[in-house]
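Trainee: Take this structure first; my questions come after.
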Amino acid sequence: MITVRLLAVLRELAGIDTLHLDLTTPTTVQTVQEGAIAQYPALAPWVPHLRYAVNGQWADLADGVQPGDEVALLPPVSGG
């Protein structure tokens with residue numbers, strides 16, 4: 001089981017902040033992203049703008065993910 005954290009606008013679009021994916025290993029951040037999009041298609045337009053973190057460390061789409069890991073999907077944010 002992999003925990004996926006949806007932040008900011010992604011959380012609003014999905015209506016949840018956390019989802020759990022049961023993916024086979026080995027898997028990658030990209031596979032996790034695809035699983036989240038499959039469950040919540042409204043997130044798809046944000047894909048080109050996302051950053052990722054695995055267990056609190058910046059990650060790329062090709063990085064590996066293990067059962068028990070937490071993957072955060074981070075959209076761009078602005079403040080003022």
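The values are calculated or read from the model by the stated rules, or taken from the named source; none is laboratory data. Since we're looking at a predicted model, the values are computed, not measured. No Cβ is skipped: glycine too gets one built from the backbone with ideal geometry, and neighbour counts run over all protein chains shown. In case anyone asks, the SASA skips ligands and DNA or RNA and just uses the protein heavy atoms, side chains included. Shrake-Rupley method; radii C 1.70, N 1.55, O 1.52, S 1.80 Å.
Trainee: Using 7 Å Cα-to-Cβ label points, what is the ARG5/ALA42 separation (nm, one decimal)?
Mentor: My value for the distance between the label points is 2.2 nm.
Trainee: Accessible area per residue, 1.4 Å probe, Å², for the chain: what's the number?
Mentor: Working: 4650 Å² over 80 residues.
Heavy-atom accessible area per residue stands at 58 Å².
Trainee: Based on DSSP H runs of at least 4 residues, each adding -39500 (n - 2.57), what is the mean residue ellipticity at 222 nm of the chain after dividing by all its residues, to the nearest 500 deg cm²/dmol? Spell out each step's value before the answer.
Mentor: On the way: 2 runs with 17 residues, N = 80.
The helix contribution divided over the chain gives -6000 deg cm²/dmol.
Trainee: Next up: Given a cut-off of under 8 Å on Cα pairs at least six residues apart, what relative contact order in percent is computed for the range 41-80?
Mentor: Details: 38 pairs, mean separation 17.4, N = 40.
Rounded, it is 44 percent for the range 41-80.
Trainee: Here's something else I'd like to know. Taking N as the number of residues in the chain, what is its Cα Rg relative to 2.2 N^0.38 Å?
Mentor: Output field value: 1.00.
Trainee: Need one number: nm distance between label points at GLN57 and GLN30, each 7 Å from Cα along Cα→Cβ, rounded to one decimal.
Mentor: About 2.1 nm separates the two model spin labels.
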